[in-house]
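*Asks:* Before I ask anything, here is the structure I am working with.
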Amino acid sequence: MSAVLNEDQRSIAELIADQKPGHALDQRFYTDPAIYELEIERIINRNWILAGHVSQLPDPGDFKVLNVATESAIIVRGSDGELKAFANVCRHRGSLVCLESAGHVDKFVCPYHGWTYDIDGKLFAARNMPDDFDMSAHSLNPVSVDVIHGLIFVCFTDTPRSLEGAKRDLAEPMAMFGFENMKVAAQKSYEIPANWKLSIENYQECYHCASAHPEYARMHTLMLDREKRERVQGKMLAKMDACGVKNMFFDHIDTAARPGEMGYGYSRTALFDKYKTGSKDGGPVAPLLGDFTDYDGGASDFSFGAFSFLLAYSDHVVAYVFTPIDHNSSNCEIYWLVRRDAEEGKDYDVDELTWLWDVTTQHDKEIIANNSKGVHSKYYRPGPFSGMERAERIYIEWILQELQRA
Ligand code: FES
Ligand SMILES: [Fe+2]
């Protein structure tokens, strides 16, 4: 800990009370392990996190692992064909059971002493245990899992927020894109040497886009002033109907959710004129999704809770999942989704499909790492937000509110 941190003896409650509205967070929110511990308890383990798409686990025994801060979950297609999730923690002495990130098994075998679990999480074999050892009392612990129109979500609490609002309100836009009928064409992890909030805050604002992302800024219109933006937005709105796209809007994390529900959001914004989709030259990179009959020149933003954000073009979807690794590093997992019947090499090329958001995320990783270095300095003082950082401001206000929710 730096000298500055040692001098600051304020409690977390005092620190929250002292937070200046409309300003970046105090240094300790990014550096203090005690605040990170509280975030794990009150935010990270209480909220749903996107863990993939159902098409990744088609058959019983197909599994993938999701690691978030101190937790790890195995998500598996069970013997009854249903998705299940278990804590990746052996009931013997606690080793991680599954070390691979995805695959197919008949049984999960703990690498430490060989305890073996079936794909429904039940203990199947344990060597040299006493006669009175109760196998049935040592199943893997269940973790909450649910599916929103094809997207798998996991939550590390037995009493998670309800997903009913998201399922109901996002049903129509998600059907329009055919989310149930997609597949993951590519998936990539980006490890970012920064506190998880810096990674998500960066995703929440496009104040930096014009200066940091020339590739993105060529096609997305978020950084335009209001008048120009309304003009391009008007052009897109005029085209949407004919392309089979409905205009809908659901506000993001702050207002959309009812009490006890996970927050969610949906909106569609115009791309610049010659861009049909998010690609190097604006040209198509995959077959049109769902109900689309043509390109309307727009892109939709979906948000699901606090960690999962999707950008849906007319021909592919880019899903972003930000998760903490520890208090000083985070992971950004990106999934590129296309129609399930699209064929690689014929209908899409992975390099073309992933180019824009790979380039943009490499830049973001650098920006966020530099941000983190400066935030650790004794000279760091929280500065004021611009008018283009509204969503980030709302996000950190939400964080502060959740930290106080016992
Ligand atoms: S910790 Fe898993 S078998 Fe011992
Ligand atoms: Fe960015």
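Readers should treat all values here as calculations from the given coordinates under stated rules, not as data from a laboratory. Bear in mind that the values here come from a model prediction, so they are computed numbers and not experimental data. Note that each Cβ is placed from the backbone with ideal geometry, even for glycine, and that neighbours are counted across all protein chains shown.
*Asks:* What order do you get for 31-38, 316-323 when each peptide is scored by the mean count of other beta carbon atoms within 10 Å, highest first? Mind showing how you got there, number by number?
*Replies:* On the way: 31-38: 16.8, 316-323: 23.6.
The peptides rank, most packed first, as 316-323, 31-38.
*Asks:* Using θ = phi - 60° and the Karplus form 6.51 cos²θ - 1.76 cosθ + 1.60, what ³J(HN,Hα) does each residue of the stretch 73-79 get, whole Hz, x for Gly and Pro?
*Replies:* So the Karplus estimates, Gly and Pro as x, are 10, 9, 9, 9, 7, x, 5 Hz.
*Asks:* May I pose another question? Which Cys residues of the chain have no other Cys Cβ less than 4.7 Å away and so no disulfide-compatible partner by this rule?
*Replies:* Within the chain, the cysteines lacking a partner Cβ under 4.7 Å are Cys98, Cys155, Cys243, Cys332.
*Asks:* I would also like to ask the following. Among all the aspartates and glutamates, which ones have a C-alpha under 16 Å from Lys107's C-alpha, if same-chain residues fewer than 8 places away are not counted?
*Replies:* Of all the aspartates and glutamates, those that pass the test against Lys107 - Cα under 16 Å, at least 8 places apart if same chain - are Asp59, Asp62, Asp80, Asp118, Asp120.
*Asks:* Further question on the same structure: Which net charge results for the neighbourhood of Arg77, defined as the other residues with beta-carbon distances under 11 angstrom from its beta-carbon, given Lys and Arg at +1 and Asp and Glu at -1? If you can, show how the numbers build up before the last one.
*Replies:* Working: positive: Lys64, Lys84; negative: Asp59, Asp62, Asp80, Glu82, Asp120.
Combined, the nearby Lys, Arg, Asp and Glu give -3.
*Asks:* Using 28 Å as the Cα-Cα cut-off, could you pick out the over-long pairs in Lys167/Lys365; Lys64/Lys197; Lys246/Lys276; Lys228/Lys280; Lys64/Lys122; Lys228/Lys365? Intermediate values should be presented prior to the final figure.
*Replies:* On the way: Lys167/Lys365 32 Å; Lys64/Lys197 25 Å; Lys246/Lys276 17 Å; Lys228/Lys280 23 Å; Lys64/Lys122 18 Å; Lys228/Lys365 30 Å.
Flagged as over cut-off: Lys167/Lys365; Lys228/Lys365.
*Asks:* For the chain, state what percent of all Cα-Cα pairs lands in each successive 10 Å bin, counting from 0 Å until the bin that includes the largest distance.
*Replies:* Going from the shortest bin to the longest, the percentages are 4, 21, 30, 25, 14, 5, 1, 0.
*Asks:* Also, quick follow-up: Which FRET efficiency value, to the nearest 0.05, is calculated for Gln401 and Lys107 with the Förster distance at 56 angstrom and r the Cβ-Cβ distance?
*Replies:* Details: r = 44 Å, r/R0 = 0.78.
That gives a FRET efficiency of 0.80.
*Asks:* Choose one answer from Asn328, Asn181, Asn370: the residue with the largest mean-square fluctuation in a GNM of the chain with alpha-carbon springs under 10 Å.
*Replies:* Asn370
*Asks:* Gaussian network model of the chain, Cα springs within a sub-10 Å range: biggest mean-square fluctuation belongs to which of Gly150, Gly94, Gly178?
*Replies:* The residue that fluctuates most here is Gly94.
*Asks:* If Rh is defined by the Kirkwood formula over all Cα pairs and Rg also comes from Cα, what ratio Rg/Rh do you get for the stretch 162-403? List each step's numbers first, then the result.
*Replies:* Values: Rg = 17.8 Å, Rh = 18.7 Å.
Result for the stretch 162-403 is an Rg/Rh of 0.95.
*Asks:* Same structure, new question: May I ask you to evaluate 6.51 cos²θ - 1.76 cosθ + 1.60, the Karplus curve with θ = phi - 60°, for each residue of the stretch 337-354 and list the ³J(HN,Hα) values in order in whole Hz, giving x for glycine and proline?
*Replies:* 10, 10, 3, 5, 8, 6, 9, 5, x, 9, 9, 7, 10, 4, 5, 5, 4, 9
*Asks:* Among Ser55, Ser211, Ser303, which comes first, second and so on when ranked by fewest other beta-carbon atoms within 10 Å?
*Replies:* On the way: Ser55 15, Ser211 10, Ser303 26.
So the residues, fewest neighbours to most, are Ser211, Ser55, Ser303.
*Asks:* If you don't mind, there's one more thing I want to ask. When Met182, Met174, Met240 are ordered from fewest to most other Cβ atoms inside 10 Å of their Cβ, what list results? Mind showing how you got there, number by number?
*Replies:* Working: Met182 26, Met174 22, Met240 17.
Ordered by Cβ neighbours within 10 Å, fewest first: Met240, Met174, Met182.
*Asks:* Can I ask one more? Assigning unit charges at the beta carbon (Lys, Arg +1; Asp, Glu -1) and nothing else, what dipole magnitude in debye, to the nearest 20, does the stretch 95-240 show about its Cα centre? Intermediate results must be reported in sequence, preceding the final value.
*Replies:* Working: 16 positive and 20 negative charges, 194 e Å.
Roughly 940 debye for the stretch 95-240.
*Asks:* Rounding to the nearest 20 debye, state how big the charge dipole of the stretch 162-403 is about its Cα centre with +1 on each Lys and Arg Cβ and -1 on each Asp and Glu Cβ.
*Replies:* 540 debye
*Asks:* Next question. Near the amide H of Tyr313, under 5 Å away, which other amide H atoms are found, from residues 5 or more places off or on another chain, if H is placed in the peptide plane?
*Replies:* Ser300, Val318
*Asks:* For the stretch 45-102 and the stretch 330-406, compute the distance between their C-alpha centroids and round to whole Å.
*Replies:* 24 Å
*Asks:* What ³J(HN,Hα) values, in whole Hz, does the Karplus curve 6.51 cos²θ - 1.76 cosθ + 1.60 give for the stretch 282-296 when θ = phi - 60°, with x put for Gly and Pro?
*Replies:* Going residue by residue, I get x, x, x, 10, 6, x, 4, 8, x, 7, 5, 9, 6, 7, 9 Hz, with x marking Gly and Pro.
*Asks:* While we're on this one: Go ahead and set up a Gaussian network model of the chain, Cα springs under 10 Å, then flag whichever of Ser267, Ser308, Ser189 fluctuates most.
*Replies:* Ranking Ser267, Ser308, Ser189 by mean-square fluctuation puts Ser189 first.
*Asks:* What number, rounded to the nearest 500 deg cm²/dmol, is the helix-based mean residue ellipticity at 222 nm of the chain, given -39500 (n - 2.57) per DSSP H run of at least four residues and division by all its residues? Spell out each step's value before the answer.
*Replies:* Working: 12 runs with 108 residues, N = 406.
That calculation yields -7500 deg cm²/dmol at 222 nm.
*Asks:* Would you mind checking the radius of gyration and Dmax of the stretch 49-146 based on alpha-carbon positions, in Å?
*Replies:* 13.1, 42
*Asks:* Further question: For Phe302, Phe133, what ranking results if the residue with the fewest other Cβ atoms within 10 Å of its Cβ goes first?
*Replies:* Phe133, Phe302
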